[in-house]
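Here's the structure we're looking at; comments come further down.
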Amino acid sequence: MRDTNLPAHSRDVRGIPLWLLREYLVEAGGTAEGDHVVVGDGWRVRLTQLEDVEVGSLRVGEIRVEWEGEGEAFARMQEILEQKLLRAGG
């Protein structure tokens, strides 16, 4: 996955299913390449399902998001994804 010319970043995200995170990336302008990779103009994201995190009797899903990219399209994708992941408590 790694092109050494592109900066790579990763983040673990909890409480959102992989399919929905993939859909957010498609809405940000990407194209799904299978279940775990989404590619856009100037960026690429790999999604990896991690083991659930257990807090007492509660189990929360966790996904590792690894992305690489460049330029304005990459920055725009990151901004859209961050807005989608921002949730108000309730």
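Each value in this text was obtained by applying a stated rule to the coordinates, not by laboratory testing. Note that the coordinates shown come from a computational prediction; the quantities given were computed from them, not determined experimentally. Here Cβ is always computed from backbone atoms with ideal geometry, including for glycine, and neighbour counts include all displayed protein chains.
The set of residues from region 17-51 being more than 11 Å from the chain's Cα centre (by Cα), under 18 Å from LEU85 (Cα atoms) and acidic (Asp, Glu) comprises just one member, GLU27. Specify which of the listed residues (VAL53, VAL60) is touching a strand residue (DSSP E or B) at 6+ places or on another chain (Cβ under 8 Å), surrounded by fewer than 13 Cβ atoms within 10 Å (Cβ to Cβ) and in contact (Cβ under 8 Å) with a residue 24 or more places away in the chain. Testing whether each residue is touching a strand residue (DSSP E or B) at 6+ places or on another chain (Cβ under 8 Å), surrounded by fewer than 13 Cβ atoms within 10 Å (Cβ to Cβ) and in contact (Cβ under 8 Å) with a residue 24 or more places away in the chain leaves just VAL60.
When region 23-42 is filtered for residues that are under 18 Å from ALA75 (Cβ atoms) and not hydrophobic (A, V, I, L, M, F, W, C), the ones remaining, listed by number, are TYR24, GLU27, GLY29, GLY30, GLY40, ASP41, GLY42. Only residues that are among the basic types (Lys, Arg) and free of Cβ contacts under 8 Å to residues at least 40 places away in the same chain were counted across region 7-50, and they come to 1. Of all residues in region 40-77, those that are farther than 17 Å from ILE16 by Cα, of a type outside the set (Asp, Glu) and in contact with a Leu (Cβ under 7 Å, 6 or more places away or on another chain) total 1.
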